[in-house]
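K.L.:
Just passing along the structure, written as structure tokens.
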Amino acid sequence: MWRGCERPAASDVSDRSDSPLERSAIAMSEEKQSKSGSRLERKLAAGGFAVTAELGPPKSADADLIRNKAALLKDWVDAVNITDNQTAIVRVSSIGTGKLVHDMGLEPIIQVTCRDRNRLAIQADLLGAYLMGIRNVLCLTGDHQVFGNHPTARYVFDLDSVQLIAMVRDMRDRKVFACGDEIRNSKKAGIKEPRLFIGGAANPFGDPFEFRATRLEKKVRAGADFVQTQCIYDMERFDRWMKEVRARGLHRKCAILAGVTPLKSVGMARYMRDQVAGVTVPDCYVQRMAEASDPKAEGIAICVEQIRRLRAIEGVAGVHIMAIEWEEKVPEIVERAGLGTGG
Amino acid sequence: MIVAEQKPIAEIAGYLDGHKRVLVLGCGTCVTVCLAGGERETAQIASVLRLSGNGREILENTIERQCDAEFFDAVADQAAGCDAILSLACGAGAQMVARVFPEKPVYPALNTKFMGTNDGAGEWSENCLACGDCKLGVFGGICPVTRCSKSLANGPCGGSADGRCEVDPQNIECGWQLIHDRLKALGKLDALSEIAAPRDWSKTHSGGPRRLSREDVAGL
Ligand code: SF4
Ligand code: SF4
């Protein structure tokens, strides 16, 4: 059974997250091309089918809650997204949570939205995140604040997600800040740039449909190394989108991780179908959930089927399992989807 | 034009508490057109205030534009005899009243909403945030800074569905769907493949209150 990557000891919070042994083993081959030292990057570069999950930080200063969720996911996924004030509700910061998770040996992907921070704040936070051992960042637009618990707040949106990706790429590859200055403390000091593996989001189901592949292409050109998609239920539409992605050759420049969310109940299926912008749930799934004697088990079964189908699609480099507040089901999904063998 | 709407009368009355002689001053330009602060609305507010009694004397007048000092001569005498002025102009006009009559308390009767268009009887919408660097030419004549709820520059967020914006699907169109459709109709969709660079927000109010000085028209 697949156990995930080797993990460093919890005490290893050195600049790089790999153990010295691992480092020397890959030093000659991949290290040279490695952009970031991220294990997710290494797995994808080696052609492995990546598995990522999502960890929503708590709405209170509760480290145990974070550690419990991380412990559930730790041996089952390559990396875990840490959401950034998800749905515009105040939570423990993605970087703070990411540090805790990283110390447990689970690799975090720090989400950064454009809603709450401008280019100064984001760059400063990414420098700090990098120093704490974080190696992956996911650049997002962010839900509008009207959805959250501070609807009267002022938004930022200094950058959009494409510009954010380009900024992080320029910090890593051109070693400059958004203003063009080199990333060095003084003229005499050396350049010390944060080297992050850069992700973006892709929504194959949002409108206008024909613009969605163009938007992904922009993110790839801006510097996205990987994208995670919005959760997929409508396989037919996803297939069409992937065709367009392959026609543009985007899957060769950027790893596409297909998003899945296990359904918990028929109510959730209907809600996702009717209420969530940019998500479509085909009626066949709603019906299966309605008729199931054990809807939760049916939801997991559907999710496992979906992953198997997604994995067979050319250009899909991994799956992103978003089981929000249902993290304990991730190991079962990973195992039943047979993700232990090929990776 | 500048679009504004009247404040609740209770808020207006609250400001005027304790004042004995008040000039209710309308503005003949934008707020006349959007039916919030022209001659007609000035007369309405003045009569409501008179009816509310309090032994307060209410004077009324409307000048062509409150955002320009040159139009205030017509009300100089009335203003001099009053102990407060209620301005039915936009925020810019009301501030000009305060500048022209530095010794008089000035209160706003309107909430200034936005710079926009009239979209039919009783309908107005916001179209321009005065970003100082107009890019309408690139985006098919539809402003992404204003018409997109997040001022995105590189295309729609994931919340765009059926042409509506996630922020309020009932009432807000997705600006990016509009831009996309219009550029498509114009055969210029290619323009959207370009990555738009981060905006220079220093040209907006982020750079502080803006000023414009033009030597070519100075002294005219
Ligand atoms: S681009 Fe700027 S100036 Fe042009 S309409 Fe939009 S906000 Fe106004
Ligand atoms: S739905 Fe459209 S208008 Fe609303 S924030 Fe997203 S891109 Fe902008």
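K.L.:
Taking the simple approach of a point 7 Å from Cα along Cα-to-Cβ for both residue B:202 and residue B:54, what is their distance in nm?
P.N.:
Between residue B:202 and residue B:54, the label points sit 4.7 nm apart.
K.L.:
So if I place +1 on the C-beta of Lys and Arg and -1 on the C-beta of Asp and Glu, and nothing else carries charge, what would the dipole magnitude of the stretch B:2-113 be about its Cα centre? I want it in debye, nearest 20.
P.N.:
Values: 10 positive and 14 negative charges, 56 e Å.
The calculation lands at about 260 debye.
K.L.:
Please give the charge dipole size of the stretch B:129-207, origin at the Cα centre, charges +1 on K and R Cβ atoms and -1 on D and E Cβ atoms. Round to the nearest 20 debye. Don't jump to the answer; show the numbers that get you there.
P.N.:
Values: 9 positive and 9 negative charges, 33 e Å.
With only Lys, Arg, Asp and Glu charged at Cβ, the dipole is about 160 debye.
K.L.:
Run the quick spin-label model on residue B:186 and residue A:104: label points 7 Å from Cα toward the beta carbon, then report their separation in nm to one decimal.
P.N.:
5.2 nm
K.L.:
Once every Cα of the stretch B:129-207 carries one equal point scatterer and solvent is ignored, give the base-10 log of I(q)/I(0) from the Debye formula at q = 0.12, 0.16, 0.26 Å⁻¹, two decimals.
P.N.:
Relative scattering, expressed as log10 I(q)/I(0), comes to -0.33, -0.58, -1.28.
K.L.:
Give me the accessible area per residue for the stretch B:129-207, probe 1.4 Å, as a whole number in Å². Intermediate values should be presented prior to the final figure.
P.N.:
On the way: 3820 Å² over 79 residues.
Result: 48 Å² per residue.
K.L.:
Further question: Summing +1 for each Lys or Arg and -1 for each Asp or Glu, what net charge is found among the other residues whose Cβ lies under 10 Å from the Cβ of residue A:262? Walk me through the intermediate numbers first.
P.N.:
Working: positive: A:264, A:296, A:329; negative: A:298, A:332.
Charge balance in the 10 Å sphere: +1.
K.L.:
Could you give P(r) for the stretch B:83-220, binned at 5 Å from zero, as whole percent values over all Cα-Cα pairs?
P.N.:
Taking all Cα pairs of the stretch B:83-220, the binned fractions are 2, 8, 13, 15, 16, 14, 11, 9, 6, 4, 2, 0, 0 percent.
K.L.:
Around residue A:98, with a cut-off of 11 angstrom between Cβ atoms, what is the net charge of the other residues, counting Lys and Arg +1 and Asp and Glu -1?
P.N.:
-2
K.L.:
For a quick check of your reading of the filter: which GluC sites (Glu not before Pro) in the stretch B:103-137 sit in a DSSP loop and have no more than 16 other Cβ atoms within 10 Å? Walk me through the numbers before you get to the answer.
P.N.:
Details: sites: B:103, B:123, B:126; in loops: B:103, B:123.
Answer by residue number: B:103, B:123.
K.L.:
Determine the per residue accessible area of the stretch A:218-343 with all protein chains present and a 1.4 angstrom probe, expressed in square angstrom.
P.N.:
Numbers: 5170 Å² over 126 residues.
Per residue, the stretch A:218-343 has an accessible area of 41 Å².
K.L.:
Using the structure shown, select from A:43/A:218; B:20/B:113; B:135/B:203; A:35/A:99; A:243/B:150; B:135/B:188 the pairs with a Cα to Cα distance greater than 18 angstrom. Provide the component values of the computation, followed by the final result.
P.N.:
Working: A:43/A:218 24 Å; B:20/B:113 30 Å; B:135/B:203 13 Å; A:35/A:99 20 Å; A:243/B:150 30 Å; B:135/B:188 15 Å.
Exceeds cut-off: A:43/A:218; B:20/B:113; A:35/A:99; A:243/B:150.
K.L.:
Take the alpha-carbon positions of the protein assembly as shown, form their convex hull, and give its projected area averaged over all directions (one quarter of the hull surface) in nm².
P.N.:
Values: hull surface 134.7 nm².
Its Cα hull, projected and averaged over all orientations, spans 33.7 nm².
K.L.:
If I take R0 = 45 Å and measure r between the Cβ atoms of residue B:170 and residue A:120 in this structure, what FRET efficiency does the formula 1/(1 + (r/R0)^6) give, to the nearest 0.05? Display every interim value, and only then the final one.
P.N.:
Numbers: r = 36 Å, r/R0 = 0.80.
Calculated value: 0.80.
K.L.:
Something else about it: Let me make sure I get this right: for the stretch A:41-202, a, b and c are the square roots of the gyration tensor eigenvalues over alpha carbons, sorted descending. Under 1.5 in a/c it's rounded, otherwise prolate if a/b > b/c, else oblate. Which is it? Write out the running numbers ahead of the final one.
P.N.:
Numbers: a/c = 1.65, a/b = 1.14, b/c = 1.45.
Taking the square roots of the gyration eigenvalues as a ≥ b ≥ c, the stretch A:41-202 is oblate.
K.L.:
Quick check on the stretch B:58-135: what are the equivalent-ellipsoid semi-axes from the Cα gyration tensor, as sqrt(5λ), descending, whole Å?
P.N.:
Details: eigenvalues 162, 43, 24 Å².
One finds semi-axes of 28, 15, 11 Å for the stretch B:58-135.
K.L.:
Show me you know the interface measure: the accessible area buried between A and B, both chains summed, probe 1.4 Å, in Å² to the nearest 100.
P.N.:
Working: alone 15320 and 12820 Å², together 25760 Å².
Chains A and B together bury roughly 2400 Å² of accessible area.
K.L.:
Now, a different point. Which GluC sites (Glu not before Pro) in the stretch B:1-78 pass both tests, a DSSP loop state and at most 13 other beta-carbon atoms within 10 Å? Present the calculation step by step, with values, prior to reporting the outcome.
P.N.:
Numbers: sites: B:5, B:11, B:39, B:41, B:57, B:60, B:64, B:70; in loops: B:64.
Taking the stretch B:1-78 and a limit of 13 other Cβ atoms within 10 Å, the loop GluC sites (Glu not before Pro) found are B:64.
K.L.:
Where in chain A lies the longest segment free of trypsin sites (Lys or Arg not before Pro) that are both loop residues by DSSP (not H, G, I, E, B) and have at most 11 other Cβ atoms within 10 Å?
P.N.:
Details: sites that count: A:3, A:154, A:187, A:188.
With a cap of 11 other Cβ atoms within 10 Å, the longest stretch comes to A:189-343.
K.L.:
Dividing the alpha-carbon radius of gyration of the stretch A:128-233 by 2.2 N^0.38 Å (N being the number of residues), what value is obtained? If you can, show how the numbers build up before the last one.
P.N.:
Numbers: Rg = 16.1 Å, N = 106, 2.2 N^0.38 = 12.9 Å.
The value comes to 1.25.
K.L.:
Quick one: pull the percentage of alpha-carbon pairs in the stretch B:5-54 with a separation above 18 Å. Please report the intermediate quantities before stating the final value.
P.N.:
Details: 351 of 1225 pairs.
In whole percent, the share of Cα-Cα pairs in the stretch B:5-54 beyond 18 Å is 29.
K.L.:
Taking every pair of distinct Cα atoms and averaging 1/r, then inverting, what Kirkwood hydrodynamic radius in Å comes out for the stretch A:44-83?
P.N.:
Numbers: mean 1/r = 0.0892 Å⁻¹.
Hydrodynamic radius (Kirkwood, Cα pairs) of the stretch A:44-83 is 11.2 Å.
K.L.:
Mind pulling the per residue volume of the convex hull built on the Cα atoms of the stretch B:2-113? Å³ is fine. Intermediate results must be reported in sequence, preceding the final value.
P.N.:
On the way: hull volume 8.8 nm³, N = 112.
Given the Cα convex hull of the stretch B:2-113, per-residue volume reads 78 Å³.
K.L.:
Now, a different point. Residue farthest toward the positive end of the dipole of chain A, with Cβ of Lys/Arg at +1 and Asp/Glu at -1: which of A:232, A:185, A:260?
P.N.:
A:185
K.L.:
I would also like to ask the following. Suppose only helical runs count, i.e. DSSP H with n ≥ 4. What mean residue ellipticity at 222 nm does that imply for chain A under -39500 (n - 2.57) per run, divided by all residues and rounded to the nearest 500 deg cm²/dmol? Numbers along the way, then the final one.
P.N.:
Details: 14 runs with 135 residues, N = 343.
About -11500 deg cm²/dmol.
K.L.:
Under the definition of partner shielding as Cβ atoms of other protein chains within 10 Å of a residue Cβ, what is the mean value for peptide B:146-153? Could you put the intermediate results ahead of the total?
P.N.:
On the way: counts 0, 0, 2, 4, 12, 6, 8, 5.
Whole-number average of other-chain Cβ neighbours for B:146-153 is 5.
K.L.:
Got a number for carbon plus sulfur as a percent of the protein assembly as shown's accessible area, 1.4 Å probe? Don't skip to the end; give the middle numbers.
P.N.:
Numbers: 13350 of 25760 Å².
For the protein assembly as shown, the apolar C and S fraction of the accessible surface comes to 52 percent.
K.L.:
What number in nm² do you get for the stretch A:290-340 if you take the convex hull of its Cα atoms and divide its surface by four?
P.N.:
Details: hull surface 16.1 nm².
The number I arrive at for the stretch A:290-340 is 4.0 nm².
K.L.:
Threshold 50 Å², probe 1.4 Å: give the residues of the stretch A:151-195, in number order, that are less accessible with all protein chains present than with their chain alone.
P.N.:
With the partner chains in place, the stretch A:151-195 has these residues losing at least 50 Å²: A:157, A:160, A:163.
K.L.:
Ok, one more. For peptide A:204-213, compute the average count of partner chain beta-carbon atoms within 10 Å of each residue's beta-carbon.
P.N.:
Values: counts 1, 2, 11, 12, 11, 0, 3, 12, 4, 0.
Counting Cβ atoms of other protein chains within 10 Å of each residue's Cβ and averaging gives 6.
K.L.:
Based on alpha-carbon centroids, what's the gap between the stretch B:98-134 and the stretch A:217-263 in Å, whole number please?
P.N.:
Between the Cα centre of the stretch B:98-134 and that of the stretch A:217-263, the gap is 44 Å.
K.L.:
Along each principal axis of its Cα atoms, how long is the stretch A:224-343 end to end? Whole angstroms, biggest number first, please.
P.N.:
43, 32, 22
The values are calculated or read from the model by the stated rules, or taken from the named source; none is laboratory data. Here the structure is a predicted model, which is why all the values come from computation and not from measurement. Reconstructed Cβ throughout: ideal geometry from the backbone, glycine too, with neighbour counts over all protein chains shown. What goes into the accessible areas is simple: the full protein's heavy atoms, side chains included, and nothing from ligands, DNA or RNA. Shrake-Rupley method; radii C 1.70, N 1.55, O 1.52, S 1.80 Å.
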